[in-house]
1. Please state which of the following conditions Glu38 fails to meet, knowing it meets all the rest: (1) touching a residue at least 24 places away in the same chain (Cβ under 8 Å); (2) within 8 Å of the chain's Cα centre (by Cα).
2. In the stretch 40-65, what residues are at pLDDT 90 or above and of a type in the set (Asp, Glu)?
3. Of all the residues that make up the stretch 9-68, how many are outside any helix (DSSP H, G or I), polar (S, T, N, Q) and either in contact with a Cys (Cβ under 7 Å, 6 or more places away or on another chain) or surrounded by 12 or more Cβ atoms within 10 Å (Cβ to Cβ) (or both)?
Amino acid sequence: MENKTISYDKAVARIEEIVNLLESGEKGMDELSDLVKEATSLVKYCKNKLRMTESEISKALGEEEENH
């Protein structure tokens, strides 16, 4: 799954799906490894997206305060 073209909400949903797959114990070792790598990548993407959003909100609020 390409992180750059996925929305935050879809990334979180996929992480939840992967967690459920991992908890089920039905996947083989090779697939487990791939799922963990995918989840790790998605978590990094989500953290970055949250940081960027927080920065944008802080900047917007700072600009708003300057205009008052």
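The values are calculated or read from the model by the stated rules, or taken from the named source; none is laboratory data. Here the structure is a predicted model, which means the values were calculated and not measured. In this analysis, Cβ positions are derived from the backbone assuming ideal geometry, glycine residues included, and neighbour counts consider all displayed protein chains.
1. Of (1) touching a residue at least 24 places away in the same chain (Cβ under 8 Å); (2) within 8 Å of the chain's Cα centre (by Cα), only one is false for Glu38: (2).
2. Those that are at pLDDT 90 or above and of a type in the set (Asp, Glu): Glu54, Glu56.
3. The qualifying residues number 0.
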